[in-house]
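Comments concern the structure below.
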Amino acid sequence: MTTFVHQNLDVSAASVVASGAALYPAVDRVSAASTIALHPNTSPATDAQRAAIMENPGFGKYFTDNVVRAVWTKEAGWHDRELIAASASAGGLGINALHYGQSIFEGLKAYRHADGGVFTFRPEANALRFQRSAHRLALPPVPTDLFIGAIEALVRQDEVWVPTDEEQSLYLRPLEFGSEGALGVRPSMHVTFVLMASPVGAYFPQGVKPVSVWLSDDYVRAAPGGTGEAKCAGNYASSLIAQAEATNNGCDQVVWIDAIERKYIEEMGGMNMYFVYGEGANARLVTPKLTGTLLPGVTRDSILTLARDLGYQVEEGTITVDQWRAGSESGEISETFACGTAAVITPVGRVDSKNSGSWNIADGGSGEITMKLRKALVDIQTGKTADTHNWLHRIL
Ligand code: COI
């Protein structure tokens, strides 16, 4: 095994795809909020300020009063685990993350149930993906107990920010970045982990309505050996020009095609995709398989299970642009949807492109099966139905 001199990193490939193991195996519940020192904000938002925000929070525009922060150095490992005011600064303009993009993040939500309890959804899966992203970006992994302990500590401290409106939730944003002020191109020797929280409503301003998508012929999101399966800042930075192109062409979102053959559908924006073949009880769902260039979505993974629970056949496979167009035109493909933590499940209604034509999804985006799956997932997350897969993690 080769090790990296700066951090003794294992530099062997740790691709999710190559491992062959279950993507997000069931694990014992971890709880470790007690290891985090509490130094909360002494000037939190007033009840009136918070109420005004919660009236219409949008997505990711406002943050709660506090954050959890921990620091890593080679000598001390992860230390200074503390909950502090959200206004605290995390380094100057020289930090590695700003110059070379050594930065990863996660996204998950806390939901308030009707009985007042607060839960999050499969946090161990996000912790595992965060560790895999860290590996790819030569960052030290945040241990699962710190990741989950930070969530528990922050949500308990900032509980008043967990919305009661069932269309809203508290979006949790774990972030890890190189925070050493140094311009040498090498892994940062000082790394910061921060957990932030933001009350949110619907991700797309129009709510759960069919989106139109633009096939990106000119730009590539990820190539084999690249960072496609890591949730790193750079993937999102490089997607913005293609998203702008989609917008300029009257579409809501961009759809990515594989880098090598330029024909396989990979993802929509920052979300995974599903294609529904046939209708009713005989429907079959296909989602692009994880080839190493796709983000291994926790929502994508949950839908694989929920769709089977609902009696549908489900496959991780491939679909080309031509197959998508022909299948939509013939009606063989009845629905298409995208999924992710932020927007949950969103139907696709129309496709447009420079080189491959334009077409409507057969059902026009009304999404009978799409919406059935959305309800099945949201009902578990919000406590309206039994959590038969033990996905919920109680915080309060
Ligand atoms: C998600 O669906 O959770 C995402 O990754 C979108 C996020 C970057 C806002």
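The values are calculated or read from the model by the stated rules, or taken from the named source; none is laboratory data. Predicted model only: the values in this text are computed from it and were never measured. Here the Cβ is made from the backbone with ideal geometry for all residues, glycine too, and neighbour counts use every protein chain on show. Side chains are part of the model used for accessible areas, which takes the heavy atoms of the whole protein and leaves out ligands, DNA and RNA. Shrake-Rupley method; radii C 1.70, N 1.55, O 1.52, S 1.80 Å.
Counting the residues of the stretch 328-338 that are free of Cβ contacts under 8 Å to residues at least 60 places away in the same chain and surrounded by 20 or more Cβ atoms within 10 Å (Cβ to Cβ) gives 3. So residue 100 fits all but one of (1) at pLDDT 95 or above; (2) in contact with a strand residue (DSSP E or B) (Cβ under 7 Å, 6 or more places away or on another chain); what number is the exception? Status for residue 100: all satisfied but (2). For the stretch 344-363, the tally of residues that are open to solvent by less than 10 Å² (accessible area, probe 1.4 Å) and at positive phi stands at 0. Consider the stretch 279-290 and keep the residues that are assigned to a loop (DSSP other than H, G, I, E, B) and at pLDDT 95 or above. The one that is nearest to the ligand (Cβ to nearest atom) is 290. All of 392, 377 fail the test of being closer than 30 Å to residue 115 by Cβ and within 16 Å of the ligand (Cβ to nearest atom), apart from 377.
Just to be sure, is residue 294 within 16 Å of the ligand (Cβ to nearest atom), surrounded by 23 or more Cβ atoms within 10 Å (Cβ to Cβ) and in a loop (DSSP other than H, G, I, E, B)? Yes, satisfied.
Output the number of the condition that residue 341 fails; it satisfies all remaining conditions of (1) open to solvent by 10 Å² or more (accessible area, probe 1.4 Å); (2) away from the ligand (no atom under 16 Å from the Cβ); (3) among the polar types (S, T, N, Q). Among (1) open to solvent by 10 Å² or more (accessible area, probe 1.4 Å); (2) away from the ligand (no atom under 16 Å from the Cβ); (3) among the polar types (S, T, N, Q), residue 341 violates only (2). Applying a threshold of 7 Å to beta carbon distances and a minimum spacing of six or more residues, or different chains, the list of pairs starting in the stretch 165-184 at a residue that is touching a residue at least 60 places away in the same chain (Cβ under 8 Å) and ending at one that is of a type in the set (Asp, Glu) reads 174/106. Being within 16 Å of the ligand (Cβ to nearest atom) and open to solvent by 40 Å² or more (accessible area, probe 1.4 Å): is that true of residue 81 here? Considered against the rule, which asks whether it is within 16 Å of the ligand (Cβ to nearest atom) and open to solvent by 40 Å² or more (accessible area, probe 1.4 Å), residue 81 comes out as no.
Among the residues of the stretch 357-396, just one is under 17 Å from residue 344 (Cα atoms), in contact (Cβ under 8 Å) with a residue 12 or more places away in the chain and of a type in the set (Asp, Glu), namely 368.
For the stretch 29-51, the count of residues that are of a type in the set (D, E, K, R), within 24 Å of the chain's Cα centre (by Cα) and open to solvent by 40 Å² or more (accessible area, probe 1.4 Å) is nonzero. Picking from residues in the stretch 102-116 that are in contact with a Phe, Trp or Tyr (Cβ under 9 Å, 6 or more places away or on another chain) and more than 15 Å from the ligand (Cβ to nearest atom), the one that is most open to solvent (accessible area, probe 1.4 Å) is 112.
The residues of the stretch 111-140 that are over 14 Å from residue 162 (Cβ atoms), in a loop (DSSP other than H, G, I, E, B) and charged (D, E, K, R) amount to a single one, 122.
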